[in-house]
Amino acid sequence: MEKLGINGEINSFGINKLINEILNSNGHYEENMSGADLSNSKFSILIEPKKDYGIAYLKLKFRERNLDFEDLEIKQDFSKLQHDGLSKVIINFKLKPYQKRQVNIHHLLDDEKKQYALENSDKMPKTIVHPYSKLLTELEKQKNEAQAIGDDVGVNYYQSNIKEIIKKHPYEISIEQWDSLDTEQKKKFILIKMKEAKILDDIDSFNYWKANLAYQNELKDTDDLRR
């Protein structure tokens, strides 16, 4: 009997049974196995190189029950191995309620907007960076973490917040500010606008800024030749 397992692999029923038994344990699980090689057993899902997939899958299954875990440890007792060829596999972890991390978007937007205004109070922006870059970076990080463990709800939550921020607060500068930027600064600004357009699925805007980037590269090449 086989079922689809981690990362599209076909796993034996023993591994699926192991996952269910760990899910139903209370942070402590023991089982005897023949021999000492975990890498050639159903426990291989919890050690390298499959460990990342195994942990991600376990987290996903636990979260279906509104639970989470940390500090998972797997070890073996070899005291009976020489006598009867069996070793005991011991799995311990800390079980805890699943608390979905959420970002207080409006509070962080206000804080970062004030900080950006303070640092760029003059006409010329000191750094070419999106006014909400810190918040966007944090949301992107949490989206990636949710994606790594197969949390589609979390991925959609963080992605929708990223899109909403970009839509309502695009990075804008005045014509005077644009004219005051050198070529490298303009290219940094353009790359940010291209990323915004990509997030918003705005093909026309993306192509416009892509063409502008090519133009800036041509200008730079011309300037280099003149030197």
query: Just wondering, is there one or more residues in segment 12-19 that are surrounded by 15 or more Cβ atoms within 10 Å (Cβ to Cβ), free of Cβ contacts under 8 Å to residues at least 24 places away in the same chain and outside the structural domain of GLU145 (by TED's automatic domain parsing)?
result: yes
Output for Cβ contacts, cut-off 9 Å, separation at least six or different chains, first residue in the same structural domain as GLN185 (by TED's automatic domain parsing) in segment 212-224, second acidic (Asp, Glu) and at pLDDT 85 or above, reads GLN216/GLU184; LYS220/GLU184
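For segment 194-207, how many residues meet the condition of being touching a residue at least 12 places away in the same chain (Cβ under 8 Å) and either within 30 Å of GLU64 (Cα to Cα) or more than 22 Å from the chain's Cα centre (by Cα) (or both)?
Here is the first cut: in segment 194-207, the residues touching a residue at least 12 places away in the same chain (Cβ under 8 Å) are 194, 196-197, 199-200, 205-206.
Pick out the ones that are also either within 30 Å of GLU64 (Cα to Cα) or more than 22 Å from the chain's Cα centre (by Cα) (or both) and you get 199, 205-206.
Count: 3.
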Log entry, pairs with first residue in segment 54-67 being at positive phi, second being assigned to a strand (DSSP E or B), beta carbons closer than 8 Å, six or more apart or on different chains, reads ASN66/PRO97
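Restricting attention to segment 170-177, does a residue exist that is assigned to a helix (DSSP H, G or I) and closer than 30 Å to LEU67 by Cβ? Steps first, please.
Looking only at segment 170-177, we keep the residues that are assigned to a helix (DSSP H, G or I), and these are 175-177.
If we keep only those that are closer than 30 Å to LEU67 by Cβ as well, we get none.
No, the conditions are met nowhere in segment 170-177.
If you scan segment 67-101, which residues turn out to be in a loop (DSSP other than H, G, I, E, B) and either out of contact with any strand residue (DSSP E or B) (no Cβ under 7 Å at 6 or more places or on another chain) or modelled with pLDDT of 85 or more (or both)? Quick ask: steps written out before the conclusion?
Filtering segment 67-101 down to residues in a loop (DSSP other than H, G, I, E, B) leaves 78-80, 85, 98-101.
PHE78, SER79, LYS80, GLY85, GLN99, LYS100, ARG101 - these are the residues of segment 67-101 that are in a loop (DSSP other than H, G, I, E, B) and either out of contact with any strand residue (DSSP E or B) (no Cβ under 7 Å at 6 or more places or on another chain) or modelled with pLDDT of 85 or more (or both).
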Over segment 149-177, the set of residues loosely packed, with under 14 Cβ neighbours inside 10 Å, farther than 19 Å from LYS188 by Cβ and at pLDDT 85 or above is ASN156, SER160, GLU164, LYS167, LYS168
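The values are calculated or read from the model by the stated rules, or taken from the named source; none is laboratory data. Keep in mind the model is a prediction, meaning the values are calculated, not measured. Methodologically, a virtual Cβ is constructed for each residue, glycine included, from the backbone with ideal geometry; neighbour enumeration extends over all protein chains shown.
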